[in-house]
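Have a look at the structure below before the remarks.
The values are calculated or read from the model by the stated rules, or taken from the named source; none is laboratory data. Keep in mind that what you see is a predicted model, and the values were worked out from it rather than measured. With ideal geometry, Cβ positions are generated from the backbone for all residues, glycine too; neighbour counts draw on all protein chains shown. Ligands, DNA and RNA are excluded from the accessible area calculation, which covers all protein heavy atoms including side chains. Shrake-Rupley method; radii C 1.70, N 1.55, O 1.52, S 1.80 Å.
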Amino acid sequence: KRRLNAIAIDGPAGAGKSTVARRLAERLGAYYVDTGAMYRALTLKALERGVPVDDEAALVALLGETVVAFGGPNAEGVPTVLLDERDVTQEIRSPRVSGSVSAVARHPGVRAELVRRQRQLALHYLSAGRMVVMDGRDIGTVVLPEARVKVFLTASLDERARRRHEELARRGERPTYGETLERLRERDRKDAEREVAPLRKAEDAVEIDTTGKSVDEVVEAIVRLVEERLFNSVQGRKEEF
Ligand code: CDP
Ligand code: CDP
């Protein structure tokens with residue numbers, strides 16, 4: 001099977017996917033694609049336009065006139081997310097968007113189009129000789145099944161809720177810890193139970209439990225994995241990466 005020089009990172013909410021993926025991409029000089037941001041941007045636009053999140057045809061039509069792009073890093077080093085050229089990096093992380101995004105992401109028509117765009121983006125950078133790091137829920141299973149390295153990040157529900165709670169507090173939002181935990185659990189349930197491309201570990205993915213581990217430790221573990229795949233392939237000969 002033809003392999004792609006891509007690293008696929010999947011896992012439930014709060015496992016550390018985007019933080020780890022971003023740092024990993026910096027380390028490797030790779031191009032980073034946050035696929036969750038694309039689902040979130042469409043969700044924000046639907047909420048603003050009053051498009052019901054259960055109306056698949058209307059969402060697909062809306063997506064057809066929507067451009068989601070990634071810009072350079074903002075002050076916090078987070079790549080900016082551009083919805084029709086508007087910077088929505090902060091807005092797409094709001095509880096309102098988080099609460100509706102799984103309902104939008106459940107529709108096969110929405111997924112087909114976003115998966116197409118995600119693959120196209122990855123192949124564009126890969127063909128230019130860049131390595132690609134992509135994170136989401138179905139990267140190793142659907143978007144880039146040929147990725148050379150696949151990682152499934154997990155952490156206990158309690159730790160994931162604690163991380164999300166701290167992140168919301170930093171942004172000045174004050175849900176209780178219990179509310180944060182319940183919302184996280186509910187989103188995981190929807191993402192894992194949906195019919196199309198549910199959250200699951202790819203057969204050939206390496207699972208890393210990040211509970212009690214620092215971001216650096218997790219990034220290091222993945223860098224080692226990438227190096228292994230790089231140096232141990234084809235009788236110890238360095239494979240083109
Ligand atoms: O950062 P967090 O894990 O909270 O979420 P995200 O990665 O930004 O993704 C937000 C939502 O988009 C998820 O809960 C999924 O419903 C959906 N999603 C998806 O279905 N497939 C992807 N590849 C990425 C995100
Ligand atoms: O993308 P996902 O929802 O999987 O997680 P995230 O948005 O990257 O949020 C994870 C949060 O936990 C961030 O605030 C990280 O600094 C923190 N964290 C982590 O990502 N990984 C660890 N091993 C420890 C903490």
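Give me Rg/Rg_expected for segment 1-139, where Rg uses Cα atoms only and Rg_expected = 2.2 N^0.38 Å with N residues.
Computed over Cα atoms of segment 1-139, the ratio equals 1.03.
Which residues' amide hydrogens lie under 5 Å from the amide hydrogen of VAL81, considering only partners 5 or more residues apart or on another chain, with H built in the peptide plane?
GLY71, VAL88, THR89
Tell me, in nm to one decimal, what length is gained between ASP54 and HIS124 on full extension, where the rule is 0.36 nm per residue of separation less the Cα-Cα distance?
Length gained, ASP54 through HIS124: 22.0 nm.
Of the DSSP beta bridges with both residues in the chain, give the percent that are antiparallel, rounding to the nearest 5.
25
Using modelled amide H (1.01 Å from N, peptide plane; none on Pro or chain starts), what sits under 5 Å from the amide H of LYS150, excluding residues fewer than 5 places away?
ALA8, VAL206
If Rh is defined by the Kirkwood formula over all Cα pairs and Rg also comes from Cα, what ratio Rg/Rh do you get for segment 91-241?
1.00
May I ask you to derive the FRET efficiency for ARG27 and GLU182 from their Cβ-Cβ distance with R0 = 45 Å, giving the value to the nearest 0.05?
After rounding to 0.05, the efficiency reads 0.80.
How much accessible surface does TYR125 have with a 1.4 Å probe, in Å² rounded to 10?
Here the accessible area works out near 60 Å².
Under a GNM of the chain (C-alpha, springs under 10 Å), which listed residue has the highest mean-square fluctuation: ILE139, ILE208, ILE92?
Result: ILE208 has the largest fluctuation of those listed.
Can you list residues whose amide H is under 5 Å from TYR31's amide H, if they're 5+ apart or on another chain and H is modeled 1.01 Å from N?
Those qualifying (amide H under 5 Å, at least 5 residues apart or on another chain) are MET131, VAL132, VAL133.
Over the residues of segment 91-153, compute the C-alpha Rg and express it relative to 2.2 N^0.38 Å.
1.27
Taking the simple approach of a point 7 Å from Cα along Cα-to-Cβ for both LEU157 and LYS1, what is their distance in nm?
Modelled inter-label distance: 3.2 nm.
Which whole-Hz couplings ³J(HN,Hα) result when phi for each residue of segment 117-125 is put into the Karplus expression 6.51 cos²θ - 1.76 cosθ + 1.60, θ = phi - 60°, listed in order with x for Gly and Pro?
Rounded to whole hertz, the list is 5, 5, 5, 4, 4, 4, 5, 4, 6.
Segment 43-83 to segment 193-218: how many Å between their Cα centroids?
25
May I ask for the longest run of the chain untouched by GluC sites (Glu not before Pro) that are loop-located per DSSP and have at most 10 neighbouring C-beta atoms (other than their own) within 10 Å?
Maximal segment without exposed cleavage sites: 86-194.
Could you give me the ³J(HN,Hα) list for segment 126-138, computed from phi with Karplus coefficients 6.51, -1.76, 1.60 and θ = phi - 60°, whole Hz, x at Gly and Pro?
Each residue's phi maps through the Karplus curve to give 4, 6, 8, x, 8, 7, 10, 10, 10, 10, x, 10, 10 Hz.
Too long at a 30 Å Cα-Cα cut-off: which of LYS150/LYS190; LYS1/LYS45; LYS150/LYS213; LYS1/LYS190?
The pairs that break the limit, which is 30 Å between Cα atoms, are LYS1/LYS45; LYS1/LYS190.
Count the net charge of all other residues whose Cβ sits under 10 Å from the Cβ of LYS201, scoring Lys and Arg as +1 and Asp and Glu as -1.
Net of charged neighbours comes to -2.
Which of rounded, prolate, oblate describes segment 36-88, given a ≥ b ≥ c as roots of the alpha-carbon gyration tensor eigenvalues and a/c under 1.5 marking rounded, otherwise prolate only if a/b is larger than b/c?
Because a/c hits 1.5 or more and a/b exceeds b/c, segment 36-88 counts as prolate.
Given 10 °C and 1.306 mPa s, compute D for segment 7-72 with the Stokes-Einstein relation, Rh being the Kirkwood radius over Cα pairs; round to the nearest whole µm²/s.
So the translational diffusion coefficient is about 116 µm²/s.
Springs between alpha-carbon atoms under 10 Å, Gaussian network over the chain: tell me which of ALA41, ALA30, ALA57 tops the mean-square fluctuations.
Largest GNM mean-square fluctuation: ALA57.
What would the Debye formula give as log10 I(q)/I(0) at q = 0.22 Å⁻¹ for the alpha-carbon point model of segment 148-193, no solvent?
The calculated log intensity ratios at q = 0.22 Å⁻¹ are -0.78.
With a 1.4 Å probe and every protein chain kept in, tell me what percent of the accessible surface of segment 139-240 is carbon plus sulfur.
Working: 2800 of 5850 Å².
Using a 1.4 Å probe with all protein chains present, segment 139-240 comes out at 48 percent carbon and sulfur.
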